[in-house]
Amino acid sequence: MVIALAVAPVLAALAAGCRAPLTEPERTGLSDWEAKRPDARLAAAGAGVYSAICADCHGAGGLGSDWAPALTTIALDVGEVSALVTAGVDPPSMPSFAGTLSETEIEAVAAYTVQLRYSG
């Protein structure tokens, strides 16, 4: 799904009459900051998963706690966060959620956590 979301802007450009995919931020008209931002719809879908599964440790809005880091300053992309959520981080510090959440839920919560960096 990450791949599909990454090509969505390219497909939109093609549908608008562009002949070649424009993947570099300076060629798409997006700043580097905006080009790395996760899909807002996917992030919105992950908000509920975050509230149910992650907020107890990482805090509301990803501000962190005494035992879990803030997520508003992480410099990871959606794929990297998905891998961490899937595998866990130093289990049992942060357990693997591969058996708890579907791949789609993991991707959505990863998008939400990355989106937190852009919302402050």
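When each of the peptides 44-54, 88-98 is scored by how many other beta carbons lie within 10 Å of its residues on average, the order from highest to lowest is 44-54, 88-98.
For residue 89, the residues whose amide H sits under 5 Å from its own are 94, ignoring neighbours fewer than 5 places away on the same chain, with H placed 1.01 Å from N.
For the residues 119, 82, 65, a 1.4 Å probe over the protein chains yields an accessible-area ranking, largest first, of 119, 65, 82. Note on residue 51 and residue 87: the model spin-label points, each 7 Å out from Cα along the C-beta direction, lie 3.1 nm apart. Approximating the spin labels as points 7 Å out from Cα along Cα→Cβ, the residue 63-to-residue 40 distance works out to 2.4 nm. Of 86, 73, 113, 100, the order by accessible heavy-atom surface (1.4 Å probe, DNA, RNA and ligands excluded), from most exposed downward, is 73, 100, 86, 113. In units of the rule-of-thumb radius 2.2 N^0.38 Å, the stretch 30-98 shows an alpha carbon radius of gyration of 1.15.
The values are calculated or read from the model by the stated rules, or taken from the named source; none is laboratory data. Only a predicted model underlies this, so the values are computations on that prediction, with no experimental measurement involved. All Cβ positions, glycine included, derive from the backbone under ideal geometry; neighbour counts span all protein chains shown. All accessible areas refer to the heavy atoms of the entire protein, side chains included, with ligands and DNA or RNA removed. Shrake-Rupley method; radii C 1.70, N 1.55, O 1.52, S 1.80 Å.
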